[in-house]
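Comments concern the structure below.
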Amino acid sequence: DTAVSQTPKYLVTQMGNDKSIKCEQNLGHDTMYWYKQDSKKFLKIMFSYNNKELIINETVPNRFSPKSPDKAHLNLHINSLELGDSAVYFCASSPADKNQETQYFGPGTRLLVL
Amino acid sequence: AQSVTQLDSQVPVFEEAPVELRCNYSSSVSVYLFWYVQYPNQGLQLLLKYLSGSTLVKGINGFEAEFNKSQTSFHLRKPSVHISDTAEYFCAVSDLQGAQKLVFGQGTRLTINP
């Protein structure tokens, strides 16, 4: 039983392409997040959604557009991919948008832009 | 704004030896404190968190951490490590109020040698 799942696990693509990463959680959580982990393992939040509403948007280029069709899904669409977008992208969820909550992470999507 | 510094990027130890992973934070307000672990090619999972009360927090897999407000530290310890503890460890902080936004340290790679 995968709690937070992401597809695809690996994504290799050319500069300038548009790609999407999907995330689903079966924990019944209200809040979902996207994080970017760079090549030095530094992890930074990109977006958070609570009940399908955007809560946090952390100075991410507008080429990145999250979409939450329902509270169990948070997808990430990236337009005009650049070399610097190469990273591991993690989806996470938490029961509610409260600061003491534990976040549950997916396995990550490894994006390589050539 | 908060920041987190993990003082050691890599910590090699022998199996069954004790280990301490150091974490210092900077914040003008009170914070919640977290330690997450990332096993190779996996997402992060919570080891333990400090919200309030006793400054000594016990987590999973025999880990514990001590919150020291005067030194703004939250060091992670384990009295006897196993090969299976080899992983990347992340310290993180969160505001007490507002939307949950975890700010992570740079990570410490713990390598256990037989």
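Say the dipole of chain A comes from +1 at the beta carbon of Lys and Arg and -1 at that of Asp and Glu; which of A:N57, A:N99, A:H29 then lies farthest toward its positive end?
A:N57
Measuring from centroid to centroid over Cα atoms, what is the spacing of the range B:19-98 and the range A:39-114 in Å?
A separation of 23 Å, based on Cα centres.
According to the square roots a ≥ b ≥ c of the eigenvalues of the Cα gyration tensor, what is the shape class of the protein assembly as shown, taking rounded for a/c under 1.5, prolate for a/b larger than b/c otherwise, and oblate for the remainder? If you can, show how the numbers build up before the last one.
Values: a/c = 1.86, a/b = 1.43, b/c = 1.30.
Note, shape of the protein assembly as shown comes out prolate.
Under 20 °C and 1.002 mPa s, how fast does chain A diffuse according to Stokes-Einstein, given a Kirkwood radius computed over C-alpha pairs? Answer in µm²/s, whole number. Present the calculation step by step, with values, prior to reporting the outcome.
Working: Rh = 14.0 Å.
Rounded, D is 153 µm²/s.
Counting only DSSP beta bridges with both residues in the protein assembly as shown, what percent are antiparallel, rounded to the nearest 5?
Numbers: 71 of 80 bridges.
So the antiparallel bridges in the protein assembly as shown amount to around 90 percent.
Please turn the phi angles of the range A:87-97 into ³J(HN,Hα) values with the Karplus equation 6.51 cos²θ - 1.76 cosθ + 1.60 (θ = phi - 60°), one per residue in order, whole Hz, x for glycine and proline.
4, 9, 10, 10, 9, 9, 9, 9, x, 8, 7
Collect residues whose amide H, placed 1.01 Å from N in the peptide plane, falls under 5 Å from the amide H of B:D8; neighbours closer than 5 in sequence don't count.
B:R22
Going by the alpha-carbon gyration tensor, a ≥ b ≥ c the square roots of its eigenvalues, is the range B:25-91 rounded (a/c under 1.5) or, if a/c is not under 1.5, prolate (a/b greater than b/c) versus oblate? Spell out each step's value before the answer.
Working: a/c = 2.32, a/b = 1.65, b/c = 1.41.
Taking the square roots of the gyration eigenvalues as a ≥ b ≥ c, the range B:25-91 is prolate.
Under the classification rounded if a/c is under 1.5, otherwise prolate if a/b is larger than b/c and oblate if not, where does chain B fall, given a ≥ b ≥ c as square roots of the Cα gyration tensor eigenvalues?
Values: a/c = 1.93, a/b = 1.67, b/c = 1.16.
Prolate is the answer for chain B, as a/c is 1.5 or above and a/b outweighs b/c.
Between A:K52 and B:Q97, take the C-beta separation as r, use R0 = 22 Å, and let me know the FRET efficiency to the nearest 0.05.
On the way: r = 22 Å, r/R0 = 1.02.
Efficiency, rounded to the nearest 0.05: 0.45.
Tabulate in residue order the Karplus-calculated ³J(HN,Hα) for the range B:72-82, using 6.51 cos²θ - 1.76 cosθ + 1.60 with θ = phi - 60°, rounded to whole Hz; enter x for Gly and Pro.
Taking θ as phi minus 60°, the curve returns 6, 10, 8, 7, 9, 9, 8, x, 8, 8, 10 Hz for the range B:72-82.
Residue by residue, what Karplus-based ³J(HN,Hα) values in Hz, rounded to whole numbers, does the range B:106-114 have, using 6.51, -1.76 and 1.60 with θ = phi - 60° and x for Gly and Pro?
Each residue of the range B:106-114 in turn: 7, x, 10, 8, 9, 10, 9, 9, x Hz.
Coordinate-derived values only; no laboratory data. Every value quoted in this text rests on a predicted model; they were computed, and no experiment measured them. Cβ: placed from backbone, ideal geometry, glycine included. Neighbour counts: every protein chain shown.
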